[in-house]
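The values are calculated or read from the model by the stated rules, or taken from the named source; none is laboratory data. Keep in mind that this is a model prediction, so the values were computed, not measured. Please note: Cβ atoms are built from the backbone with ideal geometry, for glycine as well, and neighbour counts cover all protein chains shown.
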Amino acid sequence: MDDLALLWAIRRDEGPLSAEDQRAFEAWLAEDPRRDGALLRAEAALALLDRGRALGALAAPESSFPPRRKVLIGGLAAAAVAATVGMVRFAASPPKEIIATNLGEVLRAPLADGSIATVNTDSRLEVTMGGADRQVELSEGEAWFEVAHDKARPFIVAAGDVRVRAVGTAFSVRRHNSGVDVLVTQGTVEVWRTTAPDDRTLVGRGRRTFIADGANAITAVPAAPEIDRALAWRDGGLALEGEPLDFAVAEINRYNQRKIVIDDPAMGRMSIVGYFDVNDPEGFARSVAIALHANVTASADKIRMAPEGT
Amino acid sequence: MAESRAEIVAWVASNILPHEAALRVRLHHMAISPDEIDDIVQDAYLNITRLDSVSHIRDGRAYLFAAARTEMLQRVRRERILRIEFLSEIDALSVVDEAPDPERHTHARRELARVRRLIDALPARCREIFELRRVQGVPQREIAERLGISETVVERQAVRGLKLILQALSEGERKDDYVVVRIGSRPLFKRRRDG
């Protein structure tokens, strides 16, 4: 395609055109008005690059700066802060903050020390900013923490008897029925159990550890590609790369009152690939149904999936 | 409500550009020449510049494919050439893509990670300038001063970098694409690893 379309997109992006350039630009466009299509395409490529810069996604790989996300979650979450979430501050010192989300909510909560907790659906945190340390108790659900650097006051997340300690880093903690999952996106954290406080495991960037209830050893495994997918909830997404339908449905059901029900165990084992909106269970069911030859019956409180012809 | 050019550009960046590669592959399979593919793609974009608003378009990919289809039909009428098999393929362009496929939700992060790799693959001089301008946000005038070269040289490299990146984007990176393939009579979501 026309290189001049790229040139004009770049020039116009640099700032207002000089009078001479403006005339040349208009003449170029007038010569063949269809060139506006090529111009739009070039402008869109520049916009894509700009967005990459804003998200920090274009930072050079060797850069030591963590990718910064300007906006994690849109207006919905902001509204949730204002309307739904009770931020209760107790008079007692040190101040304690309770952050809780309802079903389907994802909340980005700035903490008093400059750290940010992004809290997934149906979760509850208690934050205590003390002089010696910063404590967060995750009593239910999942949260991703971007910890403000403060060497003097370690940031400690408690999930049952599991403790995760960070100085300045980013990681997520999720409580399951059977244990606690820790994913590290930046820096390093220290993980241990209160039952064995001296037995500490370091978990570095791009690693994950699942601390099963009752088991003793805590081991971290590399999981960089999975981590991005596992944290897709921060954007309201569910990224699947061959996980069984049962797993996908359990994930989507975390966010919605209206639950998806799979009527056929064999269908539940089919693997799914794709990126889905967690807040649209019916859309998910209908997309998957097309691929798996299933029927979807949606009622007010349930979305049933069953193989065709049953 | 009418939207500004900037709003439309931002929408095109997220909803049209990521699907251009798939459209090109389809047109290529219809045995259309590369020049003609370029023309059809350009006209599909042109079609969008004529819109007052894009907020009513729910599916960018379907819209892009439909725009390409309209453009091809116009060509067939203009040229008064009637190729039956060609027409049925044009129809297929809109029919097949009506199904809501999860593969269409292109993951913005993945796309940007790809752009990052494309920047890394640029020729050295071009990459240096492209990094400064697009990654660090330094204006071209300042880049010229810093590197002690003329603004024209900076601009030329900027055009070259953008051209190479757009080209790579529009050719697609098939090994990262998710496609729906049929195994026997049942379509399954599968990852395509070959080209």
Q: Starting from the stretch A:238-262, take each residue that is more than 19 Å from A:ASN177 (Cβ to Cβ) and list its partners that are among the hydroxyl-bearing types (Ser, Thr, Tyr), counting only C-beta distances under 6 angstrom and pairs at least six apart or across chains.
A: A:ALA239/A:TYR275; A:GLY242/A:SER271
Q | Of the criteria (1) within 13 Å of chain B (Cβ to nearest Cβ); (2) farther than 15 Å from B:ILE165 by Cα, which one A:ALA42 fails | A | (2)
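Is it the case, given these coordinates, that B:ARG58 is charged (D, E, K, R), assigned by TED's automatic domain parsing to the domain that holds B:LEU17 and closer than 17 Å to B:ARG5 by Cα?
Working: charged (D, E, K, R): yes; assigned by TED's automatic domain parsing to the domain that holds B:LEU17: yes; closer than 17 Å to B:ARG5 by Cα: no.
Considered against the rule, which asks whether it is charged (D, E, K, R), assigned by TED's automatic domain parsing to the domain that holds B:LEU17 and closer than 17 Å to B:ARG5 by Cα, B:ARG58 comes out as no.
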Q. Are there any pairs with C-beta distances below 7 angstrom linking a residue in the stretch A:1-27 that is assigned to a helix (DSSP H, G or I) and small (Gly, Ala, Ser) to a residue that is at pLDDT 90 or above and surrounded by 13 or more Cβ atoms within 10 Å (Cβ to Cβ), with the two at least 6 apart or on different chains, and if so which?
A. A:ALA5/A:ARG35; A:ALA5/A:ALA38; A:ALA5/A:LEU39; A:ALA5/A:ALA42; A:ALA9/A:LEU39; A:ALA9/A:ALA42; A:ALA9/A:GLU43; A:ALA9/A:LEU46
Q. Which of the residues that make up the stretch B:20-57 are charged (D, E, K, R), within 13 Å of chain A (Cβ to nearest Cβ) and more than 14 Å from the chain's Cα centre (by Cα)?
A. B:ASP35, B:GLU36, B:ARG50
Q) Do we find a residue being touching a residue at least 60 places away in the same chain (Cβ under 8 Å) and under 20 Å from the mean Cα position of the chain (by Cα) anywhere in the stretch A:190-206? A) no
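Does the stretch A:251-269 hold any residues that are in a loop (DSSP other than H, G, I, E, B) and surrounded by 21 or more Cβ atoms within 10 Å (Cβ to Cβ), and which are they?
Here is the first cut: in the stretch A:251-269, the residues in a loop (DSSP other than H, G, I, E, B) are A:254-258, A:263-264, A:269.
Scanning the stretch A:251-269 gives a single hit, A:TYR255.
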Q) Can you name the condition, by its number, that B:ARG78 falls short on among (1) loosely packed, with under 15 Cβ neighbours inside 10 Å; (2) at pLDDT below 85; (3) within 12 Å of another protein chain (Cβ to nearest Cβ)? A) (3)
Q. Taking strands (runs of 3 or more DSSP E) that do not extend beyond the stretch A:185-250, which have at least 2 residues that are within 13 Å of another protein chain (Cβ to nearest Cβ)?
A. A:237-244
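Please pick out the residue among B:ARG26, B:ARG69 that is within 24 Å of A:VAL288 (Cα to Cα), part of a helix (DSSP H, G or I), modelled with pLDDT under 85 and touching a Leu at 6+ places or on another chain (Cβ under 8 Å).
On the way: B:ARG69 fails: within 24 Å of A:VAL288 (Cα to Cα).
Selected residue: B:ARG26, the only one of B:ARG26, B:ARG69 that is within 24 Å of A:VAL288 (Cα to Cα), part of a helix (DSSP H, G or I), modelled with pLDDT under 85 and touching a Leu at 6+ places or on another chain (Cβ under 8 Å).
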**Q.** Selection status of B:PHE189, modelled with pLDDT of 80 or more, among the aromatic types (Phe, Trp, Tyr) and not assigned by TED's automatic domain parsing to the domain that holds B:LEU27
**A.** no
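Quick one: is A:ALA232 touching a strand residue (DSSP E or B) at 6+ places or on another chain (Cβ under 9 Å), farther than 25 Å from A:VAL278 by Cβ, surrounded by 15 or more Cβ atoms within 10 Å (Cβ to Cβ) and small (Gly, Ala, Ser)? Reasoning before the result, please.
On the way: touching a strand residue (DSSP E or B) at 6+ places or on another chain (Cβ under 9 Å): yes; farther than 25 Å from A:VAL278 by Cβ: no; surrounded by 15 or more Cβ atoms within 10 Å (Cβ to Cβ): yes; small (Gly, Ala, Ser): yes.
No.
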(Q) Which of the numbered conditions does A:PRO33 fail, given that it passes all the others? Conditions: (1) closer than 14 Å to B:LEU46 by Cβ; (2) part of a helix (DSSP H, G or I). (A) (2)
**Q.** Total residues in the stretch A:33-53, condition modelled with pLDDT of 90 or more and not hydrophobic (A, V, I, L, M, F, W, C)
**A.** 5
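Restricting the stretch A:270-283 to residues that are closer than 23 Å to A:THR121 by Cα and within 8 Å of another protein chain (Cβ to nearest Cβ), which is surrounded by the fewest Cβ atoms within 10 Å (Cβ to Cβ)?
Of all residues in the stretch A:270-283, those closer than 23 Å to A:THR121 by Cα come to A:272-283.
Pick out the ones that are also within 8 Å of another protein chain (Cβ to nearest Cβ) and you get A:272-277, A:283.
Numbers: A:ILE272: 24, A:VAL273: 19, A:GLY274: 22, A:TYR275: 21, A:PHE276: 23, A:ASP277: 16, A:GLY283: 13.
That would be A:GLY283.
Go through the stretch B:113-162 residue by residue and tally those that are part of a helix (DSSP H, G or I) and closer than 19 Å to A:LEU6 by Cβ. Show your work before the answer.
Step one: list which residues in the stretch B:113-162 are part of a helix (DSSP H, G or I), which gives B:113-120, B:124-135, B:140-147, B:151-162.
Still in the running and closer than 19 Å to A:LEU6 by Cβ: B:115, B:118-119, B:125-135, B:140-141, B:143-144, B:151-162.
Total satisfying the criteria: 30.
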Q) Counting only residues that are part of a strand (DSSP E or B) and farther than 17 Å from A:GLU105 by Cα, how many does the stretch A:127-142 have? A) 7
